[in-house]
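Working notes, structure below.
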Amino acid sequence: MSTLINISGLSWRVKNKSILDNINFTVNKGEVIGIIGPNGAGKTSLLRCLTNQGDILSSTNVSGNVQLKKRPILQYSAKEIAQHFALVMQKNETIFALSVEDVMKMGLLPHKSLFSLDSDHDKAQIILALKKVGLADELHSHFNQLSGGEQQRVLIARALVQASQILVLDEPTNHLDVYYQHQVLQLVNKLNITVIMTVHDLNLASLYCQRLILLNHGELVCDGTPEEVLTPTQLSKIFGLPCQQSINTITGATQVSFYLNSDKKENNFVDTFDE
């Protein structure tokens, strides 16, 4: 596999708080990588640094290196970054008033000059991308009238129109029903491009990602296959609950289950309460 991204010694501190602490890993072409960890682990912050959102890497609070195709990402213009990365982030308030067509056209911007008109090829690409996500009939619908799952599919279709090599998603299944969680991640998995996404649900991450990166308190704890990363010892220490690992008999994927220990004192409390 060819290396697309190389992260070395990436750290981010705000006052006395460490947001990211000496992060090191590479991203290879075609990988589907899930970034997991508890709330506040640094997952979204890592995505921000990978794509240099808000020129964060120029901040004096951030140190280390992020290279895209062996070139420091700081040397890329915002337009060049958009040509390489397609982002599907959690906060999309600015596009809620737009039509689906207008949202899709935003994916064309990194490849067009100022004031250039949309061509027949551009329009065909928009329709093709919407067909791939099963939403061709929604071209003229208002984005804010779609369901959560449909909105996520539109944003993924926009990423396809953007024709970027790397798709970055921040909690793409957040606030979605179970059906749409699987629908969206299955769609992402079939795109045959490099994907980096934060995923809250560990079992969803295991099912749809080839590789997992586990963060805790801004540190990279483990990087490997779902089976290697989702170990009971590791997860129990980080999440503070007993945990067991098993293999899903239907999907064959590694899965984990958390549970609470019931000690004698807790049982006595329940008995007393029942009386």
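The values are calculated or read from the model by the stated rules, or taken from the named source; none is laboratory data. Treat the numbers as computed from the prediction; the structure is a model and nothing was measured. All Cβ positions, glycine included, derive from the backbone under ideal geometry; neighbour counts span all protein chains shown.
Against the test of being hydroxyl-bearing (S, T, Y), at pLDDT 95 or above and exposed (fewer than 13 other Cβ atoms within 10 Å of the Cβ), the options S246, S262, S206 yield a single qualifying residue, S246. F143 fulfils the conditions (1) more than 27 Å from T173 (Cα to Cα); (2) modelled with pLDDT of 90 or more; (3) among the aromatic types (F, W, Y) except for a single criterion, (1). Among the residues here, L204 qualifies as touching a His at 6+ places or on another chain (Cβ under 9 Å), in a helix (DSSP H, G or I) and aliphatic (A, V, I, L, M). Per the listing Q125, Q152, the residue uniquely surrounded by 15 or more Cβ atoms within 10 Å (Cβ to Cβ), under 23 Å from Q83 (Cα atoms) and at pLDDT below 90 is Q152. Restricting attention to the stretch 200-208, does a residue exist that is touching a Cys at 6+ places or on another chain (Cβ under 6 Å) and under 18 Å from L46 (Cβ atoms)? No; the residues of the stretch 200-208 include none that is touching a Cys at 6+ places or on another chain (Cβ under 6 Å) and under 18 Å from L46 (Cβ atoms). Of all residues in the stretch 169-186, those being aliphatic (A, V, I, L, M) and part of a helix (DSSP H, G or I) number 3. In the stretch 121-131, the condition of being within 18 Å of the chain's Cα centre (by Cα) and of a type outside the set (S, T, N, Q) is met by no residue. For the stretch 188-197, the criterion of being of a type outside the set (V, I, T), at pLDDT 95 or above, over 22 Å from L98 (Cα atoms) and crowded, with 19+ Cβ neighbours inside 10 Å is satisfied by at least one residue.
Scanning the stretch 251-263 for residues that are in a loop (DSSP other than H, G, I, E, B) and under 14 Å from S206 (Cα atoms) turns up T251, G252, A253.
State all residues of the stretch 207-230 that are of a type in the set (G, A, S) and either outside any loop (DSSP other than H, G, I, E, B) or more than 26 Å from R13 (Cα to Cα) (or both); if no residue qualifies, say none. Across the stretch 207-230, the qualifying residue is only G224. With a requirement of 2 or more residues that are within 15 Å of C222 (Cβ to Cβ) and modelled with pLDDT of 95 or more, the strands (runs of 3 or more DSSP E) lying completely within the stretch 1-55 that satisfy it span 17-28, 32-36. May I ask you to verify whether T233 is over 18 Å from the mean Cα position of the chain (by Cα), polar (S, T, N, Q) and assigned to a helix (DSSP H, G or I)? In short, yes.
Criterion first (under 28 Å from K29 (Cβ atoms) and either in a helix (DSSP H, G or I) or touching a residue at least 60 places away in the same chain (Cβ under 8 Å) (or both)) does D122 satisfy it? Yes: the conditions hold for D122. Residue pairs whose Cβ atoms lie under 8 Å apart, separated by 6 or more positions or on different chains, with the first residue in the stretch 21-36 and charged (D, E, K, R) and the second in a strand (DSSP E or B), are D21/S11; D21/E219; K29/T3; K29/L4; K29/T194; E31/T194; E31/V195; E31/R211. Listed by first and then second residue, the pairs with beta-carbon distance under 7 Å, at least 6 apart or on different chains, first residue in the stretch 160-184 and touching a residue at least 40 places away in the same chain (Cβ under 8 Å), second aromatic (F, W, Y), are S164/F85; I166/F85; V168/F85. One residue alone among L185, L235 is of a type outside the set (K, R), buried (at least 20 other Cβ atoms within 10 Å of the Cβ) and at pLDDT 95 or above, and that residue is L235.
A count restricted to the stretch 140-168 and to residues that are in contact with a Ser or Thr (Cβ under 8 Å, 6 or more places away or on another chain) and outside any helix (DSSP H, G or I) stands at 7.
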